[in-house]
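Okay, so here's the structure we're looking at.
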Amino acid sequence: MNVKDMPNSEAWNEVQQNASLNNQPFNNFTSREQSKWEDPSILDYSMRINSSFSKFNQPSQNSTKIPKQDGTQTQMPDVSNFDPRATLNNLSFLEQKIHQLQELVHMIVGRKAQVQGNQDELILQQQQLITADLTSIIVQLISAAGSLLPSMKHNLSASATTSSGLFLQQQVKQAATTSSGLFLQQQVKQAVVEEVKPVEQQSTQMDSVTNSVTEMSSNNNMEEDHELKDEDDGKEEEHLPPGSYEILQLEKEEILAPHTHFCTICGKGFKRDANLRMHMRGHGDEYKTPAALAKPNKEASSEKVLLKRYSCPSIGCKRNKEHKKFQPLKTILCVKNHYKRTHCDKSYTCSRCHTKKFSVIADLKTHEKHCGRDKWLCSCGTTFSRKDKLFGHIGLFQGHTPAIPSEEQHKGTTTSVQSNLSENCEMTNMGFGFGSSNGANNENVAQLMMDGKVNVDDPFFSLLNYEYSLGGLQDFPLTNFDDSPSSFSFLNSEEKDGMMCGSSNDVH
Amino acid sequence: MKKQRTSTMAKTSSSSPSSPSSPSTTNVFDLISEELVFIILDYLNDNNPQDKKSFSLVCKSFYSIESKHRRTLKPLRSEHLPSVLNRYPQISTLDLTLCPRITDFTLSVVATTACVNTLRFVDLSRSKFFTGNGLAALVASCRSLTALDLSNATELRDLAAAAIGEAKNLEKLWLGRCKLITDIGIGCIAVGCPKLKIIGLKWCLGIGDLGVELIAVKCKDLRTFDLSYLPITSKCLPAILKLQYLEELILEGCFGIDDDSLTLLKQGSKSLKTLDISSCQNVSDTGLSSLTSGIGCLQQLTLAYGSPVTLDLARSLQRLSKLQSIKLDGCLVTCSGLQAIGNYCASLRELSLSKCSGVTDEGLSSLVKKQKELRKLDITCCRKLTCVSIAHVAYSCTSLTSLRMESCTLVPREAFVLIGRKCHLLEELDLTDNEIDDEGLKSISKCSNLSVLKLGICLNITDVGLSYIGDRCSKLVEIDLYRSMDITDSGITAIARGCPSLEMINISYCQRITDASLISISKCAKLSTLECRGCPLMTSLGIAAIAVGCKHLTKLDIKKCYNINDFGVLPLAHFSQNLKEINMSCTSITDVGLLSLSSISCLQSMTILHLKGLSPRGLASALLACGGLTKVKLHSSFKTLLPQPLFEHLEARGCVFQWREKMFQDELEDSKSWKLQVAEMNNDS
């Protein structure tokens, strides 16, 4: 199995070597900058990369600008003034992409070797998925290559030929040949063409060069334009300026997938990369080396890295980037929790009260800790663990009163009334929330609305708690550790950091 | 029978001008429409409840007319409430403060009577025997109830508050000292009574920021908000200051409010007119300036017992252009602070500096020179003030109507002559413990509008001075001559003759006064309070004259009048049917006199200490006979002499016992020596 893998990986190594050779003028990049692209979030999932397109589009304005790392744009009055850093970044990004491709193909080989065609359907499915992933990566590649254009342009006008352009061409060609398929080749050709052509002619060029332009890429372009426009007139309330982060969107299936890391040999899925690495040790001695076990690119970049923000795939959701008041999600975990909480069924029921339901199991656990201990009760039947939350709730809704812990004799009669009330209240809640959002003090109301909504769904998840559970990544792996199939529980410390650093794609 | 009827008719006609001059056998009132009789009845004001009673007893038609006319009811006993309320179906105000015991049953009775449709205000302050169930019944049936006074209902809990919350139309609510009500209960009220305009939560120690904030959020019409002594912080203030119509905010003794949090306040109330932050020890000038920064139309500001009045604090008042009244009682005052107030405040009408330390001639003089419109000035116990200040006050503030300067001991007697010469509009003058003499009184008698004059412990005044007052101050309502020992009968007679509208007189420890004074005082028909303790020359004869002459007498103090015995009390029991409070310690009254007092149905409070002729048996029967008693002061020796079940029974009726251990002091000390004693005690402490 391993022997079969070898030629492929060797070929890819060669490609990389070539790349680095061609890259000589710019190859003084550090591992820090590399790590910027290391995050699995862009690599694992097919999504649009906002920033690269914005960079790509910027030269279309009459004066040439080159985006700097720190987000501010310096005007480029003349061609001679060329920033090698930006190019370097783009190159390292490309390299990372190629690396991804390599791993992907590696996996395909591994899969084929393992399954040996006894389940054709599964293979077909996998192939389709891989193709889709490849396509997306190529799209990203194109856009990344596009971002090289400004510097390319200057160089072209200055010396008519650039090493970076050549390098890219070579690299891509090689990639195309190794990964097999005319389709891909055409795509890559297009990418190269795009790179060389001035931006103004990009769209026409795209049509004229070839018909095999994938739907996805054109879609991406259009949506990207739309996105940019949205951001321009939107002036989002997010504190981040619109261009300072890129928006990524995961698909529904990816969000709900139980595992994100898969063994390339046996196909076993893992929640964390560290667990996968531990698992890999069983597949041979070469996985037991310190290099293989080490967490890839542990050191975090202290330099400014383009922030990543996430969009919910559900259209109409406030967390969806199409929404006018779009508020991006901070991490993948946020995306997962948000999607489950907001758009999925609540399948976990509290075993104590049998009324509270949750879609995120951590929420259930939090609730079960407090279940039955809530003493602050509203007339609508909602309970609160904190008095100020109850009063916030009452202050918000018309007709709700704090309920007095009544004597036992009243208990029988009050429960039925309460259940009735709670139904009514949920109806009114909705109406109130939507109605008031048009009100004068939008900000206030919105804040209250969120509070109220959270309260109705789940009183224990006040806004504060909510943020906390999302932000507290350190806690998360620790609490959930016992659930993971891996038995290497001594790897706690590594898991904390390695959790987000996935290396392979999802395969179902 | 008929004779009796005409006599009452005549009595009625005296106060109702349009009633027929000669009673005939046929009732002329049959010819007058009910509305006209109602108008006539409107003239029978509430000074003497007996008037309307007499009217209603004339005949059946009068009875029914009076029943329909009456709007306010103040019953003495709750036992008769069902019949009384059914008799008066139009009652809108029901004052139950005189009933010693109000239970849930009483309230449920009120809820079932005919008046529920018109009842708007129920006053339940002073009784604590009812619970939330009674309130729930009351509130459920009286749909038009707009005001409810539950002060001192210390046993009320959140359940009762929830019951109050059912009164949707409630506009005024007082919950003073309802200590067991928490945020939850007040939350129910806030949600249930959105029309509330006045709410008093003084001493409701269970209510915090959350409850107060919720009231401010839910009751948008709030005008008056009393939060005295609540454990609140500044967290609830933004919501309160957002109230659109809020006019009066009382934050007395809210120790949780401090400068740091006040400086964070962004918004000030636009409508606030009265602000009271007295006894807020943690609020200084910085907090005050941020609190008042947005309050443009503030008229009245109370900073009593707070931080020192310095230049900075006065500067924070600069923006309050409409400020009319400042109360700085008990503050440490600096000279520069007073000067700055004089400079910054546009036109003050009222200034109170009582018990302020640091008030000097310089400060006050510079203030009053700028504030010529001052109407009321209180410089009680500003002991550093001398003639200079008073001269400036007299020359600058000529439109002064009220001057209180008790214990300004350095002010010489000439200063009072000046006051009388310059301030002709004075209506209230408190000169207790001052050096004023007859010349001063002569000058002050020029203030023809004077209605309240306090001359207690003014040892320099004599009958001559009082006769000037009696001659010229015919509008005098209240006079205090406590321990003015040179006063004799002629002085009192002059006052009583010249001031027919006198309602309150204090002649305690004026030891030379005899029955002649009381007989002359008895001509003041409106007299309601008579304090003559420590007058050993008074006898039962004088008290009898008072009892006959002063029908409105409600409070009588005859302590240490050793010569008053049962013969004085018997007429009192017969004639003074309005008497509520009596102190008869150290007199010669016996069981008979005490027992006879039980015929006064209004009687609520008795002090019976050191009565030699009182036996336990007589006391027990008297206590049982007086059904309306709410407070009795007794010597603790009776605790063991009387059976415990008796006290339990009386306490269940609503009576509170106060026990005193003090031994009987026989000697009657001279006023001058008494004053010396007091001065010595002051020096020691």
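The values are calculated or read from the model by the stated rules, or taken from the named source; none is laboratory data. None of these values were measured; they are calculated from a predicted model. Backbone-built Cβ (ideal geometry, glycine too); neighbour counts: all protein chains shown. Note: accessible area is taken over every heavy atom of the protein model, side chains too, but ligands, DNA and RNA are not part of it. Shrake-Rupley method; radii C 1.70, N 1.55, O 1.52, S 1.80 Å.
Can you give the extra length, in nm with one decimal, that the chain gains between B:V548 and B:A525 once fully stretched, where that is 0.36 nm per residue apart less the Cα-Cα distance?
Working: separation 23, 0.36 × 23 = 8.28 nm, distance 0.96 nm.
The B:V548-B:A525 span can extend by a further 7.3 nm.
Which residues in the range B:613-651 place their backbone N less than 13 Å from a point set 7 Å from the Cα of B:Q658 along the Cα-to-Cβ direction?
B:630-635
Give me the one-decimal Kirkwood hydrodynamic radius in Å for the range B:401-510, with the sum taken over alpha-carbon pairs. Write out the running numbers ahead of the final one.
Numbers: mean 1/r = 0.0762 Å⁻¹.
By the Kirkwood definition, the hydrodynamic radius is 13.1 Å.
For the range A:267-275, in order, what is each residue's ³J(HN,Hα) by Karplus, 6.51 cos²θ - 1.76 cosθ + 1.60 with θ = phi - 60°, in whole Hz (x at glycine and Pro)?
Each residue of the range A:267-275 in turn: x, 5, x, 9, 7, 10, 5, 4, 5 Hz.
Looking only at other chains, what is the average number of their beta-carbon atoms within 10 angstrom of each beta-carbon in B:182-193? If you can, show how the numbers build up before the last one.
Values: counts 3, 6, 11, 2, 1, 11, 6, 1, 5, 9, 2, 0.
For peptide B:182-193, the averaged partner shielding equals 5.
Applying the Karplus parametrisation 6.51 cos²θ - 1.76 cosθ + 1.60 with θ = phi - 60° to the phi angles of the range B:539-554, what ³J(HN,Hα) value in whole Hz is obtained for each residue in order, glycine and proline being reported as x?
10, 5, 4, x, 5, 4, 4, 4, 4, 6, x, 9, 6, 8, 4, 10
Please name the residues of the range B:138-160 whose accessible area, counted over protein heavy atoms with a 1.4 angstrom probe, falls by no less than 20 Å² between the chain alone and the full protein assembly.
With the partner chains in place, the range B:138-160 has these residues losing at least 20 Å²: B:L159.
Modelling each spin label as a point 7 Å along the Cα-to-Cβ direction, I'd like the B:A140/B:E35 distance in nm, to one decimal.
3.9 nm
Please compute the average number of Cβ atoms from other chains found within 10 Å of each residue's Cβ in peptide A:389-400.
Numbers: counts 0, 5, 11, 4, 0, 9, 10, 1, 1, 3, 2, 2.
Taking all residues of A:389-400 together, the mean is 4.
Apply 1/(1 + (r/R0)^6) to the Cβ-Cβ distance of A:L307 and B:S336, taking R0 = 51 Å, and write down the FRET efficiency to the nearest 0.05. It would help to have the intermediate numbers written out before the result.
Working: r = 57 Å, r/R0 = 1.13.
It comes out at approximately 0.35.
Report ³J(HN,Hα) in whole Hz for each residue of the range B:439-448, in order, from the Karplus equation J = 6.51 cos²θ - 1.76 cosθ + 1.60 where θ = phi - 60°; Gly and Pro get x.
Once rounded to whole Hz, the list reads 4, x, 4, 4, 5, 5, 4, 5, 6, 6.
What's the FRET efficiency of B:T386 with B:H80 using the Cβ-Cβ distance as r and R₀ = 35 Å, to the nearest 0.05?
On the way: r = 60 Å, r/R0 = 1.72.
Once rounded, the FRET efficiency stands at 0.05.
Pop a pseudo-label 7 angstrom from the Cα along the beta-carbon direction at both B:Q267 and B:K168 and give the gap in nm to one decimal.
2.8 nm
How much FRET efficiency would the formula 1/(1 + (r/R0)^6) give for A:K375 and B:D221, where r is the Cβ-Cβ distance and R0 is 41 Å, rounded to 0.05? Write down the numbers at each step before the final one.
On the way: r = 32 Å, r/R0 = 0.78.
That gives a FRET efficiency of 0.80.
Under 11 Å from a point 7 Å along the Cα-to-Cβ line of B:H424: which residues of the range B:389-404 have their amide N that close?
none
Gain in length, A:H283 to A:S347, computed as 0.36 nm per residue apart minus the alpha-carbon separation, to one decimal in nm?
Details: separation 64, 0.36 × 64 = 23.04 nm, distance 3.67 nm.
Length gained between A:H283 and A:S347: 19.4 nm.
Rounded to whole Å, give me the distance from the Cα center of the range B:574-622 to that of the range B:526-557.
If you average the Cα positions of each part, the centres end up 14 Å apart.
So what is the 222 nm mean residue ellipticity for chain B from helices alone, if each DSSP H run of at least 4 adds -39500 (n - 2.57) and you divide by all residues, rounding to the nearest 500 deg cm²/dmol?
Details: 29 runs with 257 residues, N = 685.
It lands at -10500 deg cm²/dmol.
Quick check: pseudo-label points 7 Å beyond the Cα along Cα→Cβ at B:L57 and B:T462, how many nm apart are they?
In this crude spin-label approximation the distance works out to 5.0 nm.
Please report the relative contact order for chain B, taking Cα pairs under 8 Å with a sequence separation of at least 6, and give it as a percent rounded to a whole number. Display every interim value, and only then the final one.
Values: 1780 pairs, mean separation 30.9, N = 685.
Computed over chain B, the figure is 5 percent.
Which order do the peptides A:311-324, B:404-417 come out in when sorted by mean C-beta neighbours inside 10 angstrom, highest first?
Details: A:311-324: 17.5, B:404-417: 20.1.
Most protected by this proxy first, the peptides run B:404-417, A:311-324.
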